[in-house]
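This report refers to the structure that appears directly beneath it.
Just so it is clear, none of the values below were taken in a lab; they were calculated from the coordinates. This structure is a prediction, so every number in the text was calculated from the model and none was measured. Ideal geometry is used to build each Cβ from the backbone, glycine not excepted, and the neighbour counts take in all protein chains shown.
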Amino acid sequence: MATLDVRPPFSCFVTGTDTEVGKTLISSALLHTLAGRGWRAAGMKPVAAGAVLREGIWCNDDADCLARASSVKLPRAVANPYLFKAAIAPHIAAAQEGISVDLAHIADCYNLIQKLADAIVVEGVGGFQVPLTDKSDTADLAERLGLPIILVVGLRLGCLSHTLLTVEAIAARGLLLVGWVANALDPDMPQRDANIATLTDRLSAPLLGEVPRLAVASAVSAAAHLDFTRLANWTDSRST
């Protein structure tokens, strides 16, 4: 199991260089590590697009993964305030369902979780600036919560530009990037190590680990490749 030397309370916002880059896997691995230390760890997926009906309840696979890795069991409506049925851009899905994403409501849910947990891992949706409404996006949400950022980099052709642009966007919001994870997406990616070396040289935040293509992608298997001790010097800002 990966180790972690930060002390509670602990919260972070996990974003990615694109959609389907492994945010849920890394978020679950972090929750698994926190729960393994005996912390009351809670995962939050404020907005999710793509639902399946199970026993009469609309569910989202990402939100369910976070819930399984958490040691604090939360009501679905708190852990995942907005769940849209179609697996499309959230603001389009919301318009189809006649719903408007309210950042204040998400913040209220987050504040409630703060009272129940020692650690909260908030997972974004898609990349860092995915529209949520006509006027707000996931960067606005991260700024509203004021949490340090962990960036999941999907290793494939194009990841260098995607990563550097995302890092610039994070800094432009006045948010702190406290670590990044290299997650292998393309097993045949040419010059994979050279790409990681380039990002390591250019990013001031520490590399928390390289996750290879896993035979079984799970919180446990991913955590074995991550070193969260590099977050040790981070000062939490949950009271923001």
Practice task
For Asp227 and Lys115, compute 0.36 nm times the residue count separating them, minus their Cα-Cα distance, and round to one decimal in nm.
Solution key: 37.6 nm
Completion exercise
Within the chain, the percent of DSSP beta bridges that are antiparallel, given to the nearest 5, stands at 15
Handout entry: Sparse-neighbourhood loop sites, trypsin sites (Lys or Arg not before Pro) in the range 58-156 - DSSP loop, at most 12 other Cβ within 10 angstrom
Key = Lys73, Lys115, Lys135
Handout entry: Per-pair calculated FRET efficiency, R0 = 30 Å: Glu55 and Gln96 via Cβ, rounded to 0.05
Key = 0.80
Practice task
Per residue of the range 101-111, in order, report the coupling 6.51 cos²θ - 1.76 cosθ + 1.60 (Karplus, θ = phi - 60°) as ³J(HN,Hα) in whole Hz, putting x for Gly and Pro.
Solution key: 6, 10, 5, 5, 5, 4, 4, 5, 5, 4, 4
Exercise for the section: For Gly16, enumerate residues with amide H under 5 Å from its amide H, sequence gap 5+ or separate chain, H modeled in the peptide plane. Expected result: Phe128, Val152
Handout entry: Extension gain (nm, one decimal) between Lys85 and Leu164, 0.36 nm per residue minus Cα-Cα
Key = 25.3 nm
Completion exercise
the chain: longest segment with zero exposed GluC sites (Glu not before Pro), where exposed means DSSP loop plus at most 12 other C-beta atoms within 10 Å, is residues 56-240
Practice task
Pull up all non-local amide H partners of Phe84: gap of 5 or more, or a different chain, and H-to-H distance under 5 Å with H placed in the peptide plane.
Solution key: Ala48, Ala49, Gly50
Problem - Zone of Ala217's modelled label, taken as backbone nitrogen in the range 138-157 under 15 Å from a point 7 Å along Cα→Cβ - result: 152-156
Exercise for the section: Step through the residues of the range 30-43 one at a time and calculate ³J(HN,Hα) from phi using the Karplus curve (6.51 cos²θ - 1.76 cosθ + 1.60, θ = phi - 60°), rounding each to whole Hz and writing x for Gly and Pro. Expected result: 5, 4, 4, 5, 5, 4, x, 8, x, 7, 7, 9, 10, x
Problem - Ala104-Thr198 FRET efficiency (beta carbon distance; Förster radius 41 Å; 0.05 resolution) - result: 0.55
